[in-house]
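A short worksheet on the structure shown next.
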Amino acid sequence: MAAQPSRGAATEGKAILKLSGLGGFRLDEKLDRHWLAGMLLFWAGVVAWFLWQRQGNIHWLVLGDTDDNMRLMQVRAWLAGQGWYDLRQYRLDPASGGFDIHWSRVVDLPIAGLILLLKPFLGVAAAEKWACGIAPLLPLAVTMTGLTLTVRRLVAPHAWPLALVILMGCTSTMLMYAPMRIDHHGWQLACLALTVAGLADTRRARGGATVGLSSALSLSIGLEMLPYCAMAGAIIALRWVWDAGDARRMQVYGLSLAGGTALGFALFASNANQVLRCDSLTPVWLSVMVAAGTLLFALSLASPDNRWLRLALAAAAGGAIVAGFVLLFPQCLGRPEQVSDELARTWLNNVREARPIYRHPFKTGFPIAVLPVIGILGALIATWRARRSEAAVAWAAIALFTAFAAAMLLWQIRAGPAAQMLSVPGATALAWLIVPWFLRRSSILVRVFGSVLAFLLVSGLFAGLLLPYLPSGKSGGTGSDKVARANAACARMTSLRPLDAIPRAILFSHVDMGPRLITITHHYGVAGPYHRNGNAILDVHHAFTGPASGFRAIAARHKAQYLLICPDMAETTVYRSRSPNGFYGQLHRGQVPGWLEPVALPAKSPFRLWRIRYDLPEVSAPKAPPRR
């Protein structure tokens, strides 16, 4: 049974339909009765538009993120016979036995399924490209379903198209579903959308199961959404504290969370995740989730009548979980990545998306923050308006969840996609309230222009219109342009494929080049941006920032036969900044030691390649010619 929105909200919302004169066709009833078919039609339109817009990226296998490249390599390895629980990437740092990747196979499944489905018709190469194009759009359908259910339950049964339009304006969210964005973020956002739908569900058992299972699936994929899963559990406990009648929701949630997480661990935890690590669903977090689910289930059985006693019991359960975590897993009290201080200082702390929103330029942060603020206001207003109905508690939960997501932006800007998506229900409620007010005005100018302007404001879409006029902070300049061109050029398939003319070898290159190098060429790499392999990352940093005399010893340790650099790539600017006279700084100035033998590449290649001669003595690099 869906929550019944207030009669005023339903009446006000119908004014939107009258703008186009469709009210007489009972469009509201059709949108209500055929919501699933209509939502899938909307999704199909987005899919068609996305595939048309990104067809060039699909053709050239433009996997813009290192993780997207690594995800495809994981799928390729599995389809080639690598074990289900073996997630090591043997094409990176083969001298050390490969790279340990802390992911799971959950997200590999749809990509692999699409490749197998398309391969008989398109061939392997084209099947991979189109699988990478289509796969990210599958979780978008789940996300739309979750948001549609939430809005139907809390705003009005026929308000869901408005929510989907607002979702289209969530730029940082929609980027996670763009073709070629095959990593796990889209699926975790889909789980989060289902979590919100579960919180909005007045059918307590179904709502609890939805939140518990979606949280378990999200954790089986990765721990990125762990704070949101914890917040969802806290909200369910608070609902029980407020209303003892919500015990059924918490009971089913506890069972679903504990059982779903255990099943996810059994099915998807890799061999490397069977130990007490802190960065994925290992026995550490499995124990926490099973204990939390069990305690909540036990509390739901007791469920005393006194609200303050319920609060005390919930606080005691939370304290027991925290105390047990501290006593049993003290190694996880710091960063979950468990990297060395040097690696954190030189690499992990400098990842741009891990910085809080206020450390980014205004032009970057403002469009991301606008909709969460609107969503919070909309959810609070909706909570007040529904204070005498059963939807009030659900709206309060949505408001709390949206505020939590917005606060996460103060920790890391990578919370932007989740914060924007969670703001959609509140923004929809606000638009459903304000836009009809303008549509009821007598002046046609106020009705048309006022309603359009109001929608642009309450949906956050105005931020996109203002974007060209916002201050961008530090000026980009020619240096930034040069870096952007180098990043793009060295990732192109047409730039990398000529490297296959060289017999397969281990190429020593930049950390961020590793995943793309092994995806497009037949060569091996040395490093990639994955924290469990910190020693290889530090070796690359030391090799490029240290003296030229130390490079060969590091390269030999990884059995590298060639040195490949991409001049002006973003990572290389860090090397030059930290150590202007280091090995890379010398290479950049044209000071190449004699034990590096140049290898010819096409005239327009953005790369420079040398064969490493271990048989030649150490000779000082010649001085670079003076610049004119």
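The values are calculated or read from the model by the stated rules, or taken from the named source; none is laboratory data. Keep in mind that this is a model prediction, so the values were computed, not measured. Positions of Cβ are generated from backbone atoms using ideal geometry, with glycine treated the same way; all protein chains shown enter the neighbour counts. The protein model used for the area step is the full one, side chains on, heavy atoms only, and it has no ligands, DNA or RNA in it. Shrake-Rupley method; radii C 1.70, N 1.55, O 1.52, S 1.80 Å.
The fraction of accessible area contributed by carbon and sulfur in the chain is 64 percent, rounded to a whole number (1.4 Å probe; ligands and nucleic acids excluded).
The residues of the chain have, on average, 43 Å² of accessible surface per residue, using a 1.4 Å probe with all protein chains present. Here the chain was treated as a single set of alpha-carbon atoms; its pair distances binned every 20 Å from 0 give 18, 47, 29, 7, 0 percent.
When only the Cβ of Lys, Arg, Asp and Glu is charged (+1, +1, -1, -1), the dipole of the chain relative to its Cα centre reaches about 1260 debye.
For the Cα trace of region 366-424, dividing Rg by the Kirkwood Rh returns an Rg/Rh value of 1.03. Counting only Cα atoms, region 289-418 measures 54, 44, 19 Å along its principal axes, largest extent leading.
Counting lysine pairs in the chain whose alpha carbons fall under 17 angstrom apart, excluding pairs fewer than 8 residues apart on the same chain, gives 6. Across every pair of non-identical alpha carbons in region 201-249, the mean reciprocal distance, once inverted, gives a Kirkwood radius of 11.1 Å. Determine which residues of region 383-421 fall in the zone a paramagnetic label at residue 577 would reach in this model, i.e. backbone nitrogen under 18 Å from the point 7 Å along Cα→Cβ. Only 413 pass the distance filter. Our summary gives the chain a relative contact order of 15 percent, counting only alpha carbon pairs under 8 angstrom and 6 or more residues apart. In the chain, taking the dipole from charged Cβ atoms about the Cα centre, the farthest positive-side position among 596, 255, 87 is held by 596. Remark: region 269-366 projects, on average over all directions, an area of 10.1 nm² (convex hull of Cα atoms).
Between residue 331 and residue 34, take the C-beta separation as r, use R0 = 60 Å, and let me know the FRET efficiency to the nearest 0.05. Please report the intermediate quantities before stating the final value.
Working: r = 53 Å, r/R0 = 0.89.
Efficiency at R0 = 60 Å is approximately 0.65.
The angle between the Cα long axis of helix 66-79 and the main principal axis of the chain comes to about 90°, on a 0 to 90 degree scale.
Phi angles of region 228-236 translate, via the Karplus equation with coefficients 6.51, -1.76, 1.60 and θ = phi - 60°, into HN-Hα couplings of 5, 5, 5, 5, 4, x, 5, 5, 5 Hz per residue; Gly and Pro are given as x. Per the Cα gyration tensor, region 308-359 maps to an equivalent ellipsoid with semi-axes of 34, 17, 5 Å, ordered largest to smallest. Under 5 Å from the amide H of residue 155 lies no amide H of any residue 5 or more positions distant or on a separate chain, with H modelled from the backbone and absent for Pro and chain starts. Helix 477-491 versus the longest principal axis of the chain: what angle, 0 to 90°, nearest 10, using Cα atoms? Helix 477-491 sits roughly 80 degrees off the main axis of the chain.
With the cut-off at 1.5 for a/c, could you classify region 494-581 from its C-alpha gyration tensor as rounded, prolate or oblate? Judged from the Cα gyration tensor, region 494-581 comes out prolate (a/c at least 1.5, a/b above b/c). Report note on the peptides 64-74, 354-364: ranked by the mean count of other C-beta atoms within 10 Å, highest first, their order is 64-74, 354-364. Cysteines in the chain lacking any other cysteine Cβ under 4.7 Å from their own Cβ: 132, 170, 191, 229. Summing Cβ point charges (Lys, Arg +1; Asp, Glu -1) relative to the Cα centre of region 273-429 gives a dipole of roughly 460 debye. In the complete set of protein chains, residue-level accessible area for residue 542 is approximately 80 Å², probe 1.4 angstrom. Karplus-derived 3J(HN,Hα) values for region 361-378, using 6.51 cos²θ - 1.76 cosθ + 1.60 with θ = phi - 60°, are x, 4, 5, 7, x, 4, x, 6, 7, 4, 5, x, 5, 5, x, 5, 4, x Hz; glycine and proline are entered as x. With both labels modelled 7 Å from their Cα along Cα-to-Cβ, the residue 482 to residue 274 distance reads 5.2 nm.
If only the Cβ of Lys and Arg carry +1 and only the Cβ of Asp and Glu carry -1, the dipole of region 202-347 around its Cα centre is close to 560 debye.
What angle do you read, to the nearest 10 degrees and between 0 and 90, between the alpha-carbon axis of helix 424-439 and the longest principal axis of the chain? Roughly 50 degrees, rounded to the nearest 10.
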